[in-house]
Amino acid sequence: NRSHTQLQHLFGIIATNTSLLFSTMDVDENTNATVKLISKEGDAFEVPLAVATMSELVKSMNDEEDDDDDGGNAVSEVPLPNVKSEVLKKVIEFCEHHLSEPMTEIEKPLKSQNMADVVQKWYADFVDLEQVLLFELILAANYMDIKPLLDLTCATVASMTEIE
């Protein structure tokens, strides 16, 4: 099936091109630091810095702000105009869980069509979503540059296209 092959190829490209490995974030001495993530609708989600900086986009914006900062500990705001509130909530849920239980690296090609055979149960359940929300999560993970979430969501789509 041509679309299946194209999708697996796309998954391979995405996985390869996002080869920046996530280091366990260098969290400042101030572990209580927070960041407000602002959704497309203008909703603010205050999250711990360690959660927010799983996003390379947020991390780079925070680093720039730290360079400009006068040493104050103000809560910074990061506008995410491409991410809806409903999707941002899921992104935050993923990042919070990933910090406490990092996801198993996804082997390529996928060893199974069943995501529960590929990653831990929580992650498999997490991506058991309506297709529209799953695709919006892919776009958000790509925009925010969150490699583990992008890998998980793309692998899920690839597994959905497997021919039985």
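The values are calculated or read from the model by the stated rules, or taken from the named source; none is laboratory data. These numbers come from a predicted model, not from an experiment. Ligands, DNA and RNA are stripped out before the accessible areas are found, and what is left, the full protein with its side chains, is counted by its heavy atoms. Shrake-Rupley method; radii C 1.70, N 1.55, O 1.52, S 1.80 Å.
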Seminar exercise, completed: Listed by chain and number, the lysines with an alpha carbon less than 21 angstrom from that of residue 108, same-chain partners under 8 positions apart left out, are 121, 147
Seminar exercise, completed: Taking only C-alpha positions in the range 79-164, Rg and Dmax in angstrom work out to 12.4, 43
Exercise. Where only protein heavy atoms count, and the probe is 1.4 Å, what is the accessible area per residue for the range 83-138 in Å²?
Worked result: 55
